[in-house]
Amino acid sequence: GKARMSSNASCGSAHEERRIRMTEDGTLSVPDKPIVPHIIGDGTGPDIWRAARGVLDCAVRTAYGPEREIQWQEVLAGEKAFRETGNWLPEETLEAFRSCLVGLKGPLTTPVGGGIRSLNVALRQKLDLYTCLRPVRYFRGVPSP
């Protein structure tokens, strides 16, 4: 089956002006209103997504004002994808992440007996993501480890 996504879910040529691009020197070129696909996730995913989206939207508004805004596009994976499409990890979801370069993913369940050991591992392998880089910045005067 097809994943339920709006026509804006892909960052393909129809939405080229809202696509995050990698420049020749390896930096990201980010438009004012980039499309960012997201997987809400399973279990606590919806609760985490609501909170995270609020924080991220507020951070962009605070940093840039009304000129910049993330255009969130839900893509499917996990239980919701399986319920709606019969597929745990639809190809349309992978294509959205490939074409948009940047995306967010909530917690995903591990399917039982579906031929996929872990959706998280499948995503990393199919998208060639083998590094989990989490930049940290310490602020003087703020307690930290």
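For region 90-145, what is the convex hull volume of its Cα atoms per residue in Å³?
Dividing the Cα hull volume of region 90-145 by its residues yields 132 Å³.
Keeping the other protein chains in place, figure out the carbon and sulfur percent of the accessible area of region 15-127, with a 1.4 Å probe. Walk me through the intermediate numbers first.
On the way: 3440 of 6350 Å².
Its accessible area is 54 percent carbon and sulfur atoms.
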State, to one decimal in nm, how far the label point of Ser118 lies from the label point of Arg137, with both points 7 Å from Cα in the Cβ direction. 3.0
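Using a simple charge model, +1 on the beta-carbon of Lys and Arg, -1 on the beta-carbon of Asp and Glu, nothing else, what dipole does the chain show about its Cα centre, in debye to the nearest 20? Mind dumping the intermediate values first?
Details: 20 positive and 17 negative charges, 81 e Å.
Value, rounded to 20: 380 debye.
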Please sort by residue number the GluC sites (Glu not before Pro) in region 42-145 whose DSSP state is loop and whose Cβ has at most 14 other Cβ atoms within 10 Å. Glu69
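Specify the longest stretch of the chain that does not include any exposed loop site, a site being one of the trypsin sites (Lys or Arg not before Pro) with a non-H, G, I, E, B DSSP assignment and at most 10 other Cβ atoms within 10 Å. Let's see the in-between values first.
Numbers: sites that count: Arg117, Arg137, Arg140.
Formally, the longest exposed-site-free interval is 1-116.
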Farthest toward positive dipole pole in the chain [+1 Lys/Arg, -1 Asp/Glu at C-beta], among Gly43, Phe97, Val142: Val142
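Leaving out ligands and nucleic acids, and using a 1.4 Å probe, what accessible area per residue does the chain come to in Å²?
66
Once you charge only the Cβ atoms, +1 for Lys and Arg and -1 for Asp and Glu, what is the size of the charge dipole of region 100-144 about its Cα centre, to the nearest 20 debye? Display every interim value, and only then the final one.
Working: 7 positive and 1 negative charges, 33 e Å.
For this selection, approximately 160 debye.
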If R0 = 25 Å, then Asp57 and Glu91, at their Cβ-Cβ distance, give a FRET efficiency to the nearest 0.05 of 0.30
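The values are calculated or read from the model by the stated rules, or taken from the named source; none is laboratory data. In this text the structure is predicted, and so the values were computed from the model without any measurement. Positions of Cβ are generated from backbone atoms using ideal geometry, with glycine treated the same way; all protein chains shown enter the neighbour counts. What goes into the accessible areas is simple: the full protein's heavy atoms, side chains included, and nothing from ligands, DNA or RNA. Shrake-Rupley method; radii C 1.70, N 1.55, O 1.52, S 1.80 Å.
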